Amino acid sequence: MGIEIELAELLVLQLFAFVLFGRFEVETSAFRRIVKWLIIYAVCIAVYYWFGHWAALVPLLATVPGSVYHVIWCKKNGIHPLKATPRKKYYRLRGWKWEE
């Protein structure tokens, strides 16, 4: 079996990301979200061609420092890391327009 394992893993990861975290990206442009996922796919495919199936670990290992940074950033800015509350403050920090 070739790269199908890595692509299936990325597809499942993307599905869960949209379902679980999509509400936190409501104001992010579609272009920016597409580019983000294209970069993730490109890195994983490149690692696959260099190191084979070790590339399956890339998305999983990338979540560790990303999650640590996320929790630190949220706590520093007074935002709940799982609920993104208070919502008005979260929108302001993201640079989005808050509508009452």
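Summary of values
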read-out: Lys, Arg +1 and Asp, Glu -1 on Cβ, resulting dipole of region 4-94 about Cα centre, debye, nearest 20; value: 900 debye
read-out: Per-pair calculated FRET efficiency, R0 = 35 Å: residue 97 and residue 70 via Cβ, rounded to 0.05; value: 0.95
read-out: Shape box of region 1-41 [Cα atoms, principal axes, largest first, Å]; value: 39, 19, 9
read-out: Pairwise label distance in nanometres, residue 25 with residue 77, each label 7 Å out on the Cα-Cβ vector; value: 1.6 nm
read-out: Taking region 4-94 and dividing mean pair separation by its residue count, relative contact order in percent (alpha carbons under 8 Å, at least six apart); value: 25 percent
read-out: Nonlocal Lys pairs with alpha-carbon distance under 13 Å, region 51-100 (8 or more apart, or different chains); value: 5
read-out: Farthest positive-ward along the chain dipole, Cα basis, beta-carbon charges - from 40, 79, 61; value: 79
read-out: Compactness of region 4-94 as Cα Rg over 2.2 N^0.38 Å, two decimals; value: 1.23
read-out: Under the Karplus curve 6.51 cos²θ - 1.76 cosθ + 1.60, θ = phi - 60°, whole-Hz ³J(HN,Hα) for region 61-73, x wherever Gly or Pro sits; value: 6, 5, 6, 5, x, x, 5, 4, 4, 4, 5, 5, 4
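Coordinate-derived values only; no laboratory data. Computed from a predicted model, the values in this text were never measured in an experiment. Using ideal geometry, Cβ is built from the backbone for each residue, glycine included, and neighbour counts are taken over all protein chains shown.
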